[in-house]
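Where a number appears in this text, it was derived from the coordinates with a stated rule and is not lab data. Here the structure is a predicted model, which means the values were calculated and not measured. With ideal geometry, Cβ positions are generated from the backbone for all residues, glycine too; neighbour counts draw on all protein chains shown.
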């Protein structure tokens, strides 16, 4: 059994939802989007679950909204870094 077959990082699910909501795949290149995803996830605490439904059920509405705010804050910071060109400068 591979761990990745059974366990998911709930932060990744929330981030995918936020990216789809903002339609970022339409407004930036795939490479920049990958950078944004990595930079965002590196700011967040992983929340590994067997089922995303478990996480959604067990979080209070306040905890869920707090998680969404954390995703949005980290995503905004990551987008800012990528748009500023700092990411490319760090690679050079």
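Okay, here's what the table says:
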quantity: In segment 39-54, the residues that are farther than 13 Å from residue 17 by Cβ, in a helix (DSSP H, G or I) and touching a residue at least 24 places away in the same chain (Cβ under 8 Å); calculated: 39, 41, 43
quantity: Selected residue (only one of 15, 33, 68 is within 28 Å of residue 83 (Cα to Cα), touching a residue at least 40 places away in the same chain (Cβ under 8 Å) and surrounded by 15 or more Cβ atoms within 10 Å (Cβ to Cβ)); calculated: 15
